[in-house]
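The next block holds one structure in the form of structure tokens; read it before the comments.
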Amino acid sequence: MDNGGSNGSATASACCNGKINRGPHVAMLATPGMGHLIPLAELAKRLASRHGATATLITFASTASPTQRAFLASLPPAVSSLSLPPVDLSDLPRAAAIETRMSEECARSVPALTAVLAGLRRSTAGRLAAFVADLFGADSLDAARAAGVRRRCIFFPSNLHVLTLILHLPDLDAAVPGAFRDMPEPLRLPGCVPVPGPDVLMPLQDKADPCYRWMVHHGAKYRDAHAILVNSFDAVEPGPAKVLRQPESGGPSRRWPAVYPIGPLIHADGGRKDGASSSPCLEWLDRQPPRSVVFVSFGSGGALPAEQMRELALGLELSGQRFLWVVRSPSDGGAVNDNYYDAESKRDPFAYLPEGFVDRTCAAGVGLVVPSWAPQTQVLAHAATGAFLTHCGWNSVLESLVYGVPMVAWPLYAEQRQNAVLLSDGVGAALRVPESSKRREIIADTVREVMRGEGKGAAVRAKVAELQKAAAEGLRDGGAAAAALAEVVQGWTTTTGGGEKD
Ligand code: UDP
């Protein structure tokens, strides 16, 4: 099924400019969520621009939202897309975790994916060099093997800390008998910042929930890959970067594939060119003083409970700082990730803001509230943006670092609490709003500290400036990330190296 992406057809060796393409072709499976699709598409674009590759992005039928369609349609001709046929998930309980839904959808799609990959092998006349699946796509490695794709990799869109945890899960499953949240001491993994039990990856918190078992399964399955590509860079997490380069240090039972930090890969539309299409957010930012605005966003799917939404509104007002807030209707009655599959707000979010809030702030010109979606990288790149109150999704974190924007951490679900620990306790690139007291006064104080560089905010600003330089090195042609990706591609195009698997 064609996705309506830039060149729909995944066929042939004829390239976009009419010339015969002899570069490798890569099939890439994006598990649901814009936070997975965006960095995978960036990887495809980088493979095209630096290695002469073409790519087919394969998506799931469950995620065909307008936001996703618009994104796929914007990709360059070297990156085509197609969607797998729908699979029946009606037997899953309504309350099934998104991690369970994604994993089930992927496992049940293996036969269809095998047929798609076999077709791609034929239509690309032997150029199909590799298959890349993301985080929840470990079962799809079986499809690639069955279809005879020679190199099979995992692209991990989160960070090396979370990857370390997932790689250790098959062992931790036995070593931690109770629930992670009840651990008396923080979880300590090689090279990693210690993580208090309640902040450990959300799908691991309840061992009775099927999503826990799925995560352990993925941890074991990752070992079938030839390589794991990670959207991170050494400077932001030097500890695990060093340890994962020496996988043998984990002992014989912990042998995993070579790990390549190839980040930061971010949606590169940050630089607005003259004449480029604008948006109300950017036009509003154009009218604000430099570094005067705190940008507030909870990623592609996050929403707050009504009470927290109210405290956040009043906290922003109390902070006296200008703000740009991407708002969704509250999560009450559902989960904080209810919008995950489509990013769109379920109800009118403005109806849930405190009475008079819009008049006192937006009408007065110090705030802008936009529903559901904003051009995030362009907002972060804008000179008026001074801080980012973020749910700590890893793409958002990387984008903030690339544009040198200090963060206020407000994690919601998935690996976000773990990321918040890394950023606030480990790296020092964010101040975290305390989990126990999300009251307006605390929110206002935290936002002010980061915006004005007061108290701990000064160190956060300095650290972010330092990491921005390191991130730029990661983005540079010939930088460390470029070298790592070149090594991976070399493994795809030569018959030696990378460890042959059946
Ligand atoms: N995003 C965006 N506009 C929005 C919300 C999100 O462009 O209003 C993009 C954001 O720039 C990032 C991705 O969606 O690239 C969200 O990924 P992240 O890992 O931060 O969080 P997730 O959505 O996976 O929770």
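Kindly identify segment 172-245 as rounded, prolate or oblate by the Cα gyration tensor criterion: order the square roots of the eigenvalues as a ≥ b ≥ c, call it rounded if a/c is under 1.5, otherwise compare a/b with b/c, prolate if a/b is larger, else oblate.
On the way: a/c = 2.24, a/b = 1.28, b/c = 1.75.
Here segment 172-245 falls in the oblate category.
With the dipole of the chain worked out from charges on the C-beta (+1 for Lys and Arg, -1 for Asp and Glu) around the Cα centre, which of His391, Pro66, Gln416 lies farthest toward the positive end?
About the Cα centre, the residue reaching furthest to the positive side is Pro66.
Compute the FRET efficiency between Arg188 and Ala208 as 1/(1 + (r/R0)^6), taking r as their Cβ-Cβ distance and R0 = 35 Å, and round to the nearest 0.05. All intermediate terms of the calculation are to be shown ahead of the outcome.
Numbers: r = 25 Å, r/R0 = 0.71.
That pair, Arg188 with Ala208, gives E of 0.90.
Between segment 152-171 and segment 373-414, what's the alpha-carbon centroid distance in Å?
23 Å
What is the fewest-to-most order of Cys281, Cys362 by other Cβ atoms lying within 10 Å of their Cβ? Before the final figure, lay out each step's value.
On the way: Cys281 21, Cys362 17.
Arranged by neighbour count, lowest to highest, Cys281, Cys362 become Cys362, Cys281.
Using Cβ contacts closer than 10 Å as the measure, can you line up Asp88, Asp224 from fewest to most? Walk me through the numbers on the way to the answer.
Details: Asp88 8, Asp224 18.
With the sparsest Cβ surroundings first, the list reads Asp88, Asp224.
How many nm separate the modelled label positions at Arg69 and Ala179, each set 7 Å beyond the Cα in the direction of the Cβ?
4.2 nm
Nearest 5 percent is fine: what portion of the DSSP beta bridges confined to the chain is antiparallel?
Details: 3 of 51 bridges.
That works out to approximately 5 percent antiparallel.
Report, in degrees rounded to the nearest 10, the 0 to 90 angle that the Cα long axis of helix 456-475 makes with the longest principal axis of the chain.
The angle comes out near 30 degrees.
What dipole magnitude, in Debye to the nearest 20, does the chain give about its Cα centre under +1 on Lys/Arg Cβ and -1 on Asp/Glu Cβ? Please list the in-between numbers first.
Values: 49 positive and 49 negative charges, 264 e Å.
Computed about the Cα centre, the dipole is about 1260 debye.
Starting from 0.36 nm per residue, how many nanometres of slack lie between Ala483 and Ala363 once their C-alpha separation is accounted for? Don't skip to the answer; put the middle values down first.
On the way: separation 120, 0.36 × 120 = 43.20 nm, distance 5.01 nm.
Net length gain for the segment: 38.2 nm.
Sticking with the crude label model, points 7 Å out along Cα→Cβ, report the distance from Glu466 to Ala268 in nm, one decimal please.
Label at Glu466, label at Ala268, 2.7 nm between them.
For Glu473 and Ser278, calculate 0.36 nm times their separation in residues minus their Cα-Cα distance, and state this gained length in nm to one decimal. Intermediate results must be reported in sequence, preceding the final value.
Numbers: separation 195, 0.36 × 195 = 70.20 nm, distance 2.87 nm.
Full extension of this stretch gives 67.3 nm more.
What is the set of long-range amide H partners of Arg432 at a cut-off below 5 Å, with H atoms built 1.01 Å from backbone N?
The list, which skips near neighbours in sequence, is Ala409.
Around Leu89, what is the net charge, scoring Lys/Arg as +1 and Asp/Glu as -1 over all other residues with Cβ under 9 Å from its Cβ?
On the way: positive: Arg101, Arg108; negative: Asp88, Asp91, Glu104, Glu105.
With Lys, Arg at +1 and Asp, Glu at -1, the neighbours total -2.
For segment 280-472, what is the relative contact order in percent, using Cα pairs closer than 8 Å and at least 6 residues apart in sequence?
Once divided by the residue count of segment 280-472, the mean separation gives 26 percent.
Count charges around Phe136 for me, please; just the other residues with Cβ under 13 Å from its Cβ, Lys/Arg as +1, Asp/Glu as -1. Provide the component values of the computation, followed by the final result.
Details: positive: Arg101, Arg108, Lys221; negative: Glu99, Glu104, Glu105, Asp134, Asp139, Glu415.
Its environment carries a net charge of -3.
Rank by packing, highest mean first: peptides 210-220, 477-487, with packing defined as the count of other Cβ atoms within 10 Å averaged across residues. List each step's numbers first, then the result.
Working: 210-220: 19.3, 477-487: 15.8.
The densest-packed peptide leads the list: 210-220, 477-487.
Between 0 and 90 degrees, rounded to the nearest ten: what's the tilt of helix 160-175 against the longest Cα principal axis of the chain?
80 degrees
Search the structure for amide H atoms under 5 Å from the amide H of Ser83, placed 1.01 Å from N in the peptide plane, and list their residues when 5 or more places away or on another chain.
Residues meeting the criterion, in which the H sits 1.01 Å from N, are Asp2, Asn3, Thr59.
Based on other C-beta atoms within 10 Å, arrange Ser396, Ser49, Ser109, Ser62 from fewest to most. List each step's numbers first, then the result.
Details: Ser396 27, Ser49 12, Ser109 23, Ser62 17.
Placing the least packed residue first, the sequence is Ser49, Ser62, Ser109, Ser396.
Under the 0.36 nm per residue contour assumption, what length would be gained going from the current alpha-carbon distance of Ala125 and Gln246 to full extension? Show your work: numbers first, answer last.
Details: separation 121, 0.36 × 121 = 43.56 nm, distance 3.71 nm.
39.8 nm is the gain from fully extending Ala125 to Gln246.
Which value in deg cm²/dmol, rounded to the nearest 500, describes the helix-derived mean residue ellipticity at 222 nm for the chain, given -39,500 (n - 2.57) per DSSP H run of n ≥ 4 and division by the residue count?
Values: 17 runs with 186 residues, N = 502.
Result for the chain, helices only: -11000 deg cm²/dmol.
What number comes out for the charge environment of Gln321, summing +1 per Lys or Arg and -1 per Asp or Glu over other residues with Cβ under 15 Å away?
Details: positive: Arg291, Arg322, Arg360, Arg440, Arg448, Arg452, Arg461; negative: Glu317, Glu441, Asp445, Glu449, Glu454.
So the surrounding residues net to +2.
Every number here is computed from the coordinates shown, using simple stated rules; none is lab data. Note that this is a predicted model, so its numbers are computed, not measured. FYI the Cβ positions are ideal-geometry reconstructions off the backbone, even for glycines, and counts take in every protein chain you see.
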